[in-house]
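**Q** Handing you this structure, nothing more for now.
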Ligand SMILES: [Zn+2]
């Protein structure tokens, strides 16, 4: 805050006579005065007898700028406080994360997908969409909401009657700051291929 302080000389009526600056009751800019070792402003003026004044000056905060400065400062301070409060208690971002990058499903199989919220605001899931309608959300919890630092589950399913292998994608829309999040889905109608995948990675079994 640049509330500019000016200075006024009060050296009147002393034995050395009035200071020119005191007599005219003018104010002096900080740049016009010198400061002693204690940081006090010293009058650069002369008395009526031509002697250096040298009086310690009175600090004057220009009266018209004072209320505005205080108000502006207070408002700015309040805004900062409000932003901090908002950020920690009400605001911030939700951040959706899924550890799995792809999921393989056999016909009729359903798998839990764990959804993490790494943000500091509540994560609200909107829409879960699939690139192929052989995939679906098996069990829908209404408006799945995940608290900061917590996780929740979606259960997704590959259709029982699926005949073909399908490479697909699931996309979750939410209020996450990183936007829609997608993972690969592989619907595998050939059970032998699925068995091989299950043997090679146990993540699906672990999640179940
Ligand atoms: Zn003076």
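**Q** Being surrounded by 18 or more Cβ atoms within 10 Å (Cβ to Cβ), touching a helix residue (DSSP H, G or I) at 6+ places or on another chain (Cβ under 6 Å) and in contact (Cβ under 8 Å) with a residue 60 or more places away in the chain is true for just one of 106, 94. Which residue is that? Break it down into steps so the answer makes sense when it comes.
**A** On the way: 94 fails: touching a helix residue (DSSP H, G or I) at 6+ places or on another chain (Cβ under 6 Å).
Of the residues listed, the single one that is surrounded by 18 or more Cβ atoms within 10 Å (Cβ to Cβ), touching a helix residue (DSSP H, G or I) at 6+ places or on another chain (Cβ under 6 Å) and in contact (Cβ under 8 Å) with a residue 60 or more places away in the chain is 106.
**Q** Could you list all residues from segment 9-29 that are more than 9 Å from the ligand (Cβ to nearest atom) and at pLDDT 90 or above?
**A** 29 - this is the single residue of segment 9-29 that is more than 9 Å from the ligand (Cβ to nearest atom) and at pLDDT 90 or above.
**Q** List pairs: first in segment 48-63 and at positive phi, second surrounded by 13 or more Cβ atoms within 10 Å (Cβ to Cβ) and at pLDDT 85 or above, Cβ under 8 Å, 6+ apart or cross-chain?
**A** Close Cβ pairs satisfying both conditions: 54/42; 54/43.
**Q** Against the conditions (1) at pLDDT below 90; (2) part of a strand (DSSP E or B); (3) under 30 Å from residue 83 (Cβ atoms), where does residue 154 fall short? Just the number, please.
**A** Looking at each condition in turn, residue 154 falls short on (3).
**Q** In addition: Of all residues in segment 41-78, which are at pLDDT 85 or above, away from the ligand (no atom under 16 Å from the Cβ) and surrounded by 13 or more Cβ atoms within 10 Å (Cβ to Cβ)?
**A** None; the set is empty.
The values are calculated or read from the model by the stated rules, or taken from the named source; none is laboratory data. Please read all numbers here as calculations on a predicted model, not as lab measurements. When we count neighbours, we look across all protein chains shown, and the Cβ atoms used for this are built from the backbone with ideal geometry, even at glycine.
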